[in-house]
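Here is the structure we will look at, set down as structure tokens.
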Amino acid sequence: MIETERPAELSVVGHSIIKPDGLSKATGHARYADDLKLPRMGFCRLLRGTRPHARILAVDTAAAERLPGVYAVITGRDLPIKYGVLPVGQDEHALCSEKVRYVGDAVAAVAAVDEETAERALDLIVVEYEPLPAYLSIEEGLTKAGEPVHEGKYGNAHRAAALEFGEVDAALASADHVFEDWYFFQGNTHLPLEQHACVAEWDPGGKLTLWTSTQSPHYVHKELAVALDLREEQIRVIAPPVGGGFGGKLELFQHEAAAAKLAMVTGRPIKAALNREEVFYCHRGRHPVLMWVKTGWTSAGRITAMDFKAFVDGGAYMSYGAASLYYTGALQTVCDAIPAYRWQGVRVLTNKPPCGPKRGHGTPQPRFALECHFDAVAERLGMPVLELREQNFVEPYSKTVNHLRITSCGLRECVDIVTRESRFRARHRQLPYGRGVGFAVGAYLCGAGLPLYWNEMPHSAVDLRLDRSGLVTVSCGQIDIGQGSDAMLQSIVAETLGARPEQIKLITADTDTTPIDLGSYSSRVTFMVGNAAIQAAQRLRDVLLSAASDEFDLPREELELSRGLLRRRDGSGFELSFAELVKLAETRNGSLVASGSYKPPKLGGPFKGSGVGPSPAYSFSACVVEVEVDPETGLVRVERVWMAHDVGRALNPVLVEGQVEGGIYMGLGEALMEEQEFRAERGSRVLGVHKVPSMLEYKSPTTFETPEMKTYIVESIDPEGPFGAKEVGQGPLLPIIPAVANAVYDAVGVRIDETPITPDKVLKALEARAEGKPGRYGPTRLPPYTFPRLLKVEPPAGAGLAPAATGGREGREP
């Protein structure tokens, strides 16, 4: 459902067109990384560590090297250089040489004539370990004695920060009411259908080509050069079609570096394809986060201050962890106008697979805590939750207390739609026991304001070339991972140029032949690649129209170029096809090529850590969830979801709806069943082993658990977005999880302040209430830890004030 009228002048943008890669994927013609076959190709398998934390005393590969059919065996000695996706996180080895830090950390790699021979060779490798203390929880990482996961000044508390904007203690002291709660968000993984795979080929002239299933050829390219000690121009990274990523394919993995090294050693192309169990151990998924939130309120329901602490379980390596940590504190202020805000966070290393970015990167955890906390605050104040929330929402074109710039904002429209369509006001707290409705909101980035490697260069670039046949070749480093970014490029270029969508040909995701794009993450591609594409296409459109204006001796204002035809605006006279127009322009100007690029405006505040959170725009979502809870079994069944999402402008409405529904589906899995759990039985040989590393055992929703979904598209038309568009790939997930928790409370009167909301937790909360205790399941304390000294930052003038407190200044575009 579209909430605004489609402007008549847009002929492609705003219309649902077929994805350019849809038919090849639906018919099985798309060639994914594991489909690739090259002559003389060998196959790589990795020997993975079986201890959660152990020193490597010896690795004996002699028997494996003698096995017929084995081409080569390599160990950590062959890949000694550390690498990492963040400049501050160069802590990984392609193959471990000194110690393993989680079950699944790779120790050796074999290249052989086939996978079966490679597997037999792995069985012949003997590794001698010296066990070290294993840290399998946040509290163990902070308090348990012994050698830390990585050497460093702060032990396992390897990243920590503390920021304060305004006078939080004074605001809490003067508040009419102060409330505090504890929450825990369990870690979970991405679960893409396509497993990780790559093929590496080494040219004797000194060039490495890597075809790999990745969301960021650019960052894999940079990391691989470091790991292999090669110059960047010696490496070419190509991303074939990617069968889902969700954040799990955003950096260099051990199998990619190992396959590349083996290709160099053997002179053969080498394929490495992981099985599903290995994908679970590669992980880089959602961080487990323990949270505490305290807020101050007036009697009328205005928030006066927020104090927030986050304890983040990072697993064994940095990955994107420095950014992930800050994201647990950056966006609390983007939905609600908070006058004073303090956040303290620590990321703790543990002996589990490293966590990283998963859909929503670091923000679903605090959004779960906040939305559940606000629902509980409304209950404690005896106030309808919508009355509490609506007087605290941010306004368009405002500044937050932590120096974030909000442009367009359709949050109130989203709330109005879902509460109206679900009849939330009439049904909340009014349904029969066992049935309930819950409400929540969320917001997300339209791309990060800074690249991982800070520089002043563009984040995205697009090259266009026009052919005399009318074909438009679009070249860009972006990779479509299923979110529809190829269709976005096709629509934007066709609309801007005046061509038909089927005239657009895409060349993408090749570090040798396409211009830069940082990757498919942080919901950045539509906003950044889209703006770059508009710039390039507009330059060529100007050339085309100028040629036509000169040829027909007509002012450009009288010409209309749309969907592959040039004509006069009044409909009289000539018509010229796009191909004919290109020939005319090429005759006058020569080869028709143009480039465009995009770099976000300078954003963020004057403090360390301000690089995480700023974005050129934010999307907003609101949802209502209806559940049925069986008080006898604790089973929660989601029956209906109403979701409204402020997408700026829907470039392709059917793809927007698909992304919204995908976010709902993934959010329901995280709310009700998904969790990365590891065995923690001390003295056991399975210590640190994943409990459910398969799609048979790891619970995720099927069609039977997927409810009826009502999707509403709100268009706020962002002034800086391409045709006004904003993100949709990640934001809709955020409010789903707390809305489910709030609906469970509405249904049976108990709060489950921990994900996932499983039947056993519901039953324990019901039992506690029956015994006269608080009807709640969740954490009740934080582990002992002293945060760094607070960095106190002066808020922007007027920031964090609700509309009535600003005299109505906010809410209008400057």
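Points worth noting:
- Those residues of segment 664-686 which are among the β-branched types (V, I, T) and either part of a strand (DSSP E or B) or in contact with a Leu (Cβ under 7 Å, 6 or more places away or on another chain) (or both), in sequence order: none
- Residue match in segment 338-356 (condition: open to solvent by 10 Å² or more (accessible area, probe 1.4 Å) and either assigned to a strand (DSSP E or B) or hydroxyl-bearing (S, T, Y) (or both)): yes
- A count restricted to segment 505-529 and to residues that are hydrophobic (A, V, I, L, M, F, W, C) and buried (at least 24 other Cβ atoms within 10 Å of the Cβ) stands at 6.
- Contacts under 8 angstrom Cβ, first residue in segment 480-503 being closer than 10 Å to R563 by Cα, partner of a type in the set (S, T, Y) and assigned to a helix (DSSP H, G or I), 6 or more apart: P501/S491
- Condition met for P133 (without any contact (Cβ under 8 Å) to a residue 40 or more places away in the chain, closer than 30 Å to A322 by Cβ and open to solvent by 30 Å² or more (accessible area, probe 1.4 Å)): no
- One residue alone among I81, I74 is at pLDDT 95 or above, aliphatic (A, V, I, L, M) and buried (at least 16 other Cβ atoms within 10 Å of the Cβ), and that residue is I74.
- The set of residues from segment 497-534 being of a type outside the set (S, T, N, Q) and in a helix (DSSP H, G or I) comprises L497, P501, E502, V525, F527, M528, V529, G530, A532, A533, I534.
- Close pairs (6 angstrom Cβ cut-off, 6 or more residues apart or separate chains): on the phi > 0 side of the Ramachandran plot in segment 647-676, assigned to a helix (DSSP H, G or I) anywhere: G648/G724
- Residue check, A440 at pLDDT 95 or above, in contact with a Cys (Cβ under 9 Å, 6 or more places away or on another chain) and open to solvent by less than 10 Å² (accessible area, probe 1.4 Å): yes
- Residue within segment 188-195 that is assigned to a helix (DSSP H, G or I), among the aliphatic types (A, V, I, L, M) and at pLDDT 95 or above present: no
Yes/no matrix, rows are residues, columns are (1) under 30 Å from N351 (Cβ atoms); (2) open to solvent by less than 30 Å² (accessible area, probe 1.4 Å); (3) aromatic (F, W, Y); (4) outside any loop (DSSP other than H, G, I, E, B):
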residue: P20; (1), (2), (3), (4): no, no, no, no
residue: I56; (1), (2), (3), (4): yes, yes, no, yes
residue: A63; (1), (2), (3), (4): yes, no, no, yes
residue: V85; (1), (2), (3), (4): yes, yes, no, no
residue: V88; (1), (2), (3), (4): yes, no, no, no
residue: C96; (1), (2), (3), (4): yes, yes, no, no
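- The set of residues from segment 109-141 being in a helix (DSSP H, G or I) and either modelled with pLDDT under 95 or touching a strand residue (DSSP E or B) at 6+ places or on another chain (Cβ under 6 Å) (or both) comprises E115, A118, E119, A121, L122, I138, G141.
- One residue stands out in segment 357-378 among those that are within 18 Å of S621 (Cα to Cα) and of a type in the set (G, A, S): the one that is surrounded by the most Cβ atoms within 10 Å (Cβ to Cβ), namely G360.
- Any hit, segment 473-496, residues being part of a loop (DSSP other than H, G, I, E, B), open to solvent by 30 Å² or more (accessible area, probe 1.4 Å) and farther than 21 Å from R31 by Cα: no
- Residue within segment 764-778 that is open to solvent by 20 Å² or more (accessible area, probe 1.4 Å), of a type outside the set (V, I, T) and under 30 Å from H403 (Cα atoms) present: no
- Of all residues in segment 136-180, those being aromatic (F, W, Y) and open to solvent by less than 20 Å² (accessible area, probe 1.4 Å) number 1.
- Residues satisfying the criterion are present in segment 533-548 (criterion: in contact with a Cys (Cβ under 8 Å, 6 or more places away or on another chain) and under 20 Å from V474 (Cβ atoms)).
- Those residues of segment 381-415 which are in a helix (DSSP H, G or I), among the charged types (D, E, K, R) and crowded, with 17+ Cβ neighbours inside 10 Å, in sequence order: R389, R412, E413
Table: residues versus (1) without any contact (Cβ under 8 Å) to a residue 40 or more places away in the chain; (2) more than 30 Å from A725 (Cα to Cα).
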position: V348; (1), (2): no, yes
position: P357; (1), (2): no, no
position: R389; (1), (2): no, no
position: I417; (1), (2): no, no
position: R423; (1), (2): yes, no
position: P432; (1), (2): yes, yes
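- Listed by first and then second residue, the pairs with beta-carbon distance under 6 Å, at least 6 apart or on different chains, first residue in segment 541-566 and under 23 Å from I492 (Cα atoms), second of a type in the set (S, T, N, Q) and surrounded by fewer than 20 Cβ atoms within 10 Å (Cβ to Cβ), are V543/N589; R556/S549; S562/S11; R563/S11.
- Condition met for S16 (hydroxyl-bearing (S, T, Y) and either under 24 Å from R284 (Cβ atoms) or part of a loop (DSSP other than H, G, I, E, B) (or both)): yes
- Close pairs (7 angstrom Cβ cut-off, 6 or more residues apart or separate chains): under 19 Å from L388 (Cα atoms) in segment 787-809, open to solvent by 30 Å² or more (accessible area, probe 1.4 Å) and modelled with pLDDT of 95 or more anywhere: G800/P339; L801/P339; A802/R302; A802/Q391; P803/E395
- Pair list, Cβ < 8 Å and 6+ apart or interchain, from segment 211-231 residues that are under 19 Å from H196 (Cα atoms) and open to solvent by less than 10 Å² (accessible area, probe 1.4 Å) to residues that are among the small types (G, A, S) and part of a strand (DSSP E or B): T212/A197; S213/A197
- Whichever residue in segment 142-163 is within 26 Å of the chain's Cα centre (by Cα) and outside any loop (DSSP other than H, G, I, E, B) and, among such residues, is farthest from Y785 (Cα to Cα): L163
- The residue list A272, A257, A305, A300 contains one member that is small (G, A, S), buried (at least 24 other Cβ atoms within 10 Å of the Cβ) and over 26 Å from S520 (Cβ atoms), which is A305.
- Some residue of segment 730-743 being of a type outside the set (S, T, N, Q), open to solvent by 10 Å² or more (accessible area, probe 1.4 Å) and touching a residue at least 40 places away in the same chain (Cβ under 8 Å): no
- Residues of segment 606-636 that turn out to be at negative phi, surrounded by fewer than 24 Cβ atoms within 10 Å (Cβ to Cβ) and small (G, A, S), as a count: 2
- Yes/no for L47 being outside any loop (DSSP other than H, G, I, E, B) and free of Cβ contacts under 8 Å to residues at least 40 places away in the same chain: no
- Only listed residue being under 23 Å from E421 (Cβ atoms), open to solvent by less than 40 Å² (accessible area, probe 1.4 Å) and among the small types (G, A, S), chosen from G724, G667: G667
The values are calculated or read from the model by the stated rules, or taken from the named source; none is laboratory data. A quick note: this is a predicted structure, and the numbers were derived from the prediction, not measured. Neighbour counts run over all protein chains shown; Cβ positions are idealised from the backbone, glycine included. For accessibility, only protein heavy atoms count, side chains too; no ligands or nucleic acids. Shrake-Rupley method; radii C 1.70, N 1.55, O 1.52, S 1.80 Å.
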